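Enquirer: Dropping the structure in here first, questions after.
FYI, it's all coordinate maths here, none of it is from the lab. Quantities reported herein were computed from a predicted structural model and do not represent experimental measurements. FYI the Cβ positions are ideal-geometry reconstructions off the backbone, even for glycines, and counts take in every protein chain you see.
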Amino acid sequence: MTERTTITEDSVPGLPVGVKLRFDKQRDQWVILAPERLFVLDSIALEIVKRCDGKASVGEIVNDLAGTFEAPRDVILKDVGALLQDLADKRILAA
Amino acid sequence: MTELNFPLAILAELTHRCPLQCPYCSNPLALEASSAELSTGQWKAVIKEAAELGVLQIHFSGGEPTARRDLEDLVAASAAEGLYTNLITAGVLLSKERLAALAEAGLDHLQLSFQDSEAAGCDRIGNYKGGFEKKLDCARWVKEIGLPLTLNMVVHRQNLEHLEEMLALAEKLEAQRVEIAHVQYYGWAYLNRASLMPTRAQLERATEIVEAARARLKGVMVIDYVVPDYYARRPKSCMGGWGRQFLNISPAGKVLPCHAAESITSLTFDRVTDRSLRDIWENSEAFKAYRGTDWMPEPCRSCERKEIDWGGCRCQAFALTGEAGNVDPACGKSPVHEAMQALATAESAKDETAFHYRTRKAGEAAAEKVPEPLA
């Protein structure tokens, strides 16, 4: 039986089969395509989702973002954790 | 001003042939013959045009889309255009080998229908003996191959008592997602309305069951729930607005704003074989007829929800009032809203269980059996 995924710093997030990140050139935006679903990503969400490659842990993604955007790590961790948990609950992220 | 968007999704009804005969089928009563179906090459041209028009998702449907032997080709052509590909199937014609070939061709997701939670009801509603067992096989193979699975379950008076078992079945088959959709009453379902309409008590119980299951299965299985218009107070945002996000192509290439649009007999629909998809989307009379808000009558025109629900459903307005431009009777502001609810209550209390099954012959004979509009 499937169980709910809980996102922690050690989770290694990635897009599961059936979920695709792509650029929508007609509307000039990034979208996640999933079963009967379409999510438009804002620039922050895109930076996070782009890094969910099935290799990097949440902790590593947060370190990378904190360095790239020169922002406090704890703030980024909270935002990233919330976004990824929400995506996992929608079954469009695996970890 | 009417804003013109690019369509997001296309429903490709590859054929009206289907081994099942569900009495709420979304196809029109007048089913198209296999001899009229678009060729592989014509469908491939449509797929290319759709991608160029901004479509991101293609849903292969029917009838039963797997009755077309070129489905793999069409999936591959769509994947090559970068489209997200979804197969909507009854599952009874599929083998594990064919599923693997479809996955190999680039299929992203599969939606499998179940008509009930157990064989007797499932096979009776679809009028297809042995269907339930075949569907279980299909679901198992889908998981073995590693494709994401949604179960589609259409609910009505004659199967709602099994709703908890249907959700349990979806859980057991490890579906990522399940759609619990109350019947919407157009075409075949409109013809069979007296045998399908749930009671208000059934509806309320169903909503409770779905809410409890959503809480219990959070993060495990996504549950989409479509409520029946006849008991609603506000109309649904049908197709996200007429000609705004969605287009449907019939087996013979007619381009429709929704799968039920042909029930509006006052409209005529262009074909992909006669005009480009872009030209039809942008300029055809049928798409322009109810796009945006300019067509709206009062009280829609001054309603604060007009760009939320886009006036609800034109097919329903036509079926129940005889005029597609009228207020959707699902809206509490419609003059026939109360009559519609009274009709639902009265029909739900009937002990009618027989179906007009979906066959070409029954469709031809249906004209005089279709219920009259309310007003």
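Enquirer: Give the distance, in whole Å, between the Cα centre of the stretch B:1-78 and the Cα centre of the stretch B:276-302.
Expert: 22 Å
Enquirer: Going by how many other Cβ atoms sit within 10 Å of their own, how do B:244, A:51, A:22 line up, fewest first? Let's see the in-between values first.
Expert: On the way: B:244 21, A:51 18, A:22 13.
Lowest to highest Cβ neighbour count: A:22, A:51, B:244.
Enquirer: Another question, if that's okay. With labels modelled as points extended 7 Å from the Cα through the Cβ direction, what inter-label distance (nm, one decimal) is found for residue B:298 paired with residue A:47?
Expert: Result: 5.2 nm between the two label points.
Enquirer: Take the stretch B:233-292, compute every pairwise Cα distance, and split them into 5 Å bins from 0; I just need the percent in each bin.
Expert: So the P(r) values, bin by bin, are 4, 19, 33, 26, 12, 4, 2, 1, 0.
Enquirer: For the stretch B:154-193, run through the chymotrypsin sites (Phe, Trp or Tyr not before Pro) and keep only the ones in DSSP coil with at most 10 other Cβ atoms within 10 Å of their Cβ.
Expert: Details: sites: B:185, B:186, B:188, B:190; in loops: B:185, B:186.
Hits after loop and neighbour filter: nothing returned.
Enquirer: Let me know the mean shielding of A:22-32 by other chains, meaning the per-residue number of their Cβ atoms within 10 Å of its Cβ. Before the final figure, lay out each step's value.
Expert: Working: counts 4, 1, 5, 2, 10, 5, 0, 0, 0, 4, 1.
Across A:22-32, the average partner-chain Cβ count within 10 Å equals 3.
Enquirer: Quickly work out the residue B:214-to-residue A:68 label distance, labels modelled 7 Å from Cα along the C-beta direction, and quote it in nm with one decimal.
Expert: Result: 3.3 nm between the two label points.
Enquirer: For chain A, what does the relative contact order come out to in percent, with C-alpha contacts under 8 Å and a separation of six or more?
Expert: On the way: 121 pairs, mean separation 36.9, N = 95.
About 39 percent, as a whole number.
Enquirer: Round to the nearest 0.05 the FRET efficiency obtained for residue A:17 and residue B:359 when R0 = 45 Å and r is the Cβ-Cβ distance. Don't skip to the answer; put the middle values down first.
Expert: Details: r = 37 Å, r/R0 = 0.83.
Result of the calculation: an efficiency of 0.75.
Enquirer: With a ≥ b ≥ c the root eigenvalues of the C-alpha gyration tensor of the stretch B:38-142, is it rounded (a/c under 1.5), prolate (a/b larger than b/c) or oblate? Numbers along the way, then the final one.
Expert: Working: a/c = 2.38, a/b = 2.11, b/c = 1.13.
Prolate, because a/c is 1.5 or more and a/b exceeds b/c.
Enquirer: Listing B:313, B:238 from the residue with the fewest other Cβ atoms within 10 Å to the one with the most, what is the order? Mind showing how you got there, number by number?
Expert: Working: B:313 28, B:238 25.
Ascending Cβ contact count within 10 Å gives the list B:238, B:313.
Enquirer: Here's another thing I want to ask about it. Let me know the shape class of the stretch A:4-95, please: from the alpha-carbon gyration tensor, a ≥ b ≥ c as square roots of the eigenvalues, rounded when a/c is under 1.5, otherwise prolate if a/b is greater than b/c, or oblate.
Expert: Working: a/c = 2.06, a/b = 1.30, b/c = 1.59.
In terms of gyration-tensor shape, oblate.
Enquirer: What percent do you get for the relative contact order of chain B when only Cα pairs under 8 Å and 6+ apart count? Numbers along the way, then the final one.
Expert: Values: 727 pairs, mean separation 75.0, N = 375.
Result for chain B is 20 percent.
Enquirer: Given the options B:37, B:347, B:304, state which has the largest fluctuation in a GNM of chain B using a 10 Å cut-off (strictly under) for Cα springs.
Expert: So, out of B:37, B:347, B:304, the one fluctuating most is B:304.
Enquirer: Right, here's the next one. How would A:49, A:17 line up from fewest to most surrounding beta-carbon atoms within 10 angstrom?
Expert: Working: A:49 22, A:17 14.
Listing A:49, A:17 from fewest to most nearby Cβ atoms yields A:17, A:49.
Enquirer: Would you tell me the mean number of C-beta atoms belonging to other protein chains that fall within 10 Å of each C-beta in B:215-222, as a whole number? Write out the running numbers ahead of the final one.
Expert: On the way: counts 0, 0, 2, 3, 11, 7, 3, 8.
That works out to 4 on average.
Enquirer: For residue B:58, what is the net charge nearby, where nearby means another residue's Cβ is under 10 Å from its Cβ and Lys, Arg count +1, Asp, Glu -1? Mind dumping the intermediate values first?
Expert: Details: positive: none; negative: B:81, B:108.
Here the charged neighbours net out to -2.
Enquirer: Next question, about the same structure. Looking at B:53, B:101, B:18, which one has the Cα that reaches farthest to the positive end of the dipole of the stretch B:1-147 (charges on Cβ: Lys, Arg +1; Asp, Glu -1)?
Expert: The listed residue farthest towards the positive side: B:18.
Enquirer: Among B:303, B:138, B:331, whose mean-square fluctuation peaks in a Gaussian network model of chain B (Cα, cutoff 10 Å)?
Expert: Judging by the Gaussian network model, the answer is B:303.
Enquirer: Which values of log₁₀ I(q)/I(0), to two decimal places, follow from the Debye formula for chain B at q = 0.07, 0.13 Å⁻¹ with a uniform point scatterer at every Cα?
Expert: -0.29, -1.12
Enquirer: I need the shape label for the protein assembly as shown. Rule: rounded when a/c is under 1.5, else prolate if a/b > b/c, else oblate, with a, b, c from the alpha carbon gyration tensor.
Expert: Values: a/c = 1.44, a/b = 1.37, b/c = 1.05.
Cα axes put the protein assembly as shown in the rounded bin.
Enquirer: Sorting check: for B:11-22, A:66-77, which peptide has the highest mean count of neighbouring beta carbons within 10 Å, and how do the rest follow? Before the final figure, lay out the partial values.
Expert: Details: B:11-22: 21.9, A:66-77: 12.6.
Put in order of decreasing packing, that is B:11-22, A:66-77.
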